[in-house]
Amino acid sequence: MNRKRIRRLLAASMLGLFLLVAGLGGGKAAFAHSGNSVAYSDIGLKDGSIAYDLRIDMYDLRLAVAPNDPDVGEFSPEVLQKFVTEHKDDVEAYLLDKIHLYADSLPLEGSLLTLEATVARDQPYAEAILRFDLSGKPEHFVLDYQPIYDDVDQWHMNYVTLDLKQDGSDKQSYVLNFDKREVELGKISLLRAVKQFFILGIEHLITGYDHILFVLSLLIGARSMKQILGVVTAFTAAHTVTLLLAGFGVIHLPGSWSSR
């Protein structure tokens, strides 16, 4: 055997040994990641609220939530449990920032109940149980799902099972991807829409201290009930018009104003 062939055999042996050690991760579990990750969403009604069971690729979630974690590529049970324990609040903030539910055009408040590390199809997953408060069964429902796509993997897919009946008799399935990130069900009636936005308007005026102070400043010079009613009516009408124009996209304020 000549020296040239011996060198090739030694090089091949060293490369094989290196790949073996890298794959074993020094005794720590390691998994290949293809970049085509998936998530599974089971959404339904439970105890007057919406229960959202999300199983999402653990590597993608860790990379999105804690990209600087030195253990992000390791998947031993100890490492996964450490992530779940130390980053539960970060996961909650991330998921609730990226997943939005709307009932009859109103956003629902959500919270993370539990977070666990699981394994499915020989791959590590994070199972997050989310709950969204619901005042009643909605006529119109929207799921806006944004995690992973822009942060980690544009080929990410989410298989959704949705059932908004208490008896679980109306299951529907959807597949969300980079180009389709929303599920919409039903249609809100005119009566409920008017009721919803009337309530929102009342809350907006009552909690809008800047509005109250502004109206009070306008009323300083009022000398009669007629003038008071006129000022309040004019302010309400003007505010309604500006909200409608902004809501329908007729007027747009420069984005630089909001950053000042």
Worksheet, complete the sentence: If the chain between Asp170 and Glu184 were fully extended at 0.36 nm per residue, the gain over the current Cα-Cα distance would be 3.6 nm
Item to complete: Kindly state, to the nearest 0.05, the FRET efficiency for Lys226 paired with Asp133, given R0 = 51 Å and r defined as their beta-carbon distance.
Response: 0.70
Worksheet item: Rule-of-thumb check for the range 38-186: C-alpha Rg over 2.2 N^0.38 Å?
Response: 1.04
Fill in: GluC sites (Glu not before Pro) within the range 89-120, DSSP loop, no more than 16 other Cβ atoms inside 10 Å
Glu109
Discussion item. I want to check the label-to-label distance for Asp163 and Ile251. Put each point 7 Å from Cα in the C-beta direction and report it in nm to one decimal.
Written reply: 4.9
Fill in: Computed FRET value (nearest 0.05) for Asp97 with Ser217, which takes r as the C-beta separation and R₀ as 35 Å
0.40
Worksheet item: With charges set only on the Cβ (+1 for Lys and Arg, -1 for Asp and Glu), what does the dipole of the range 38-186 come to about its Cα centre, in debye to the nearest 20?
Response: 340
Practice prompt. Go ahead and run the numbers for FRET between Asp89 and Asp42, Cβ-Cβ distance against an R0 of 22 Å, rounding to 0.05.
Written response: 0.40
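Taken together, the values in this text are just the output of simple stated rules run on the coordinates, not laboratory data. For clarity, every value in this text was computed on a predicted model and none was experimentally measured. Positions of Cβ are backbone-derived with ideal geometry, glycine not excepted, and every protein chain shown enters the neighbour counts.
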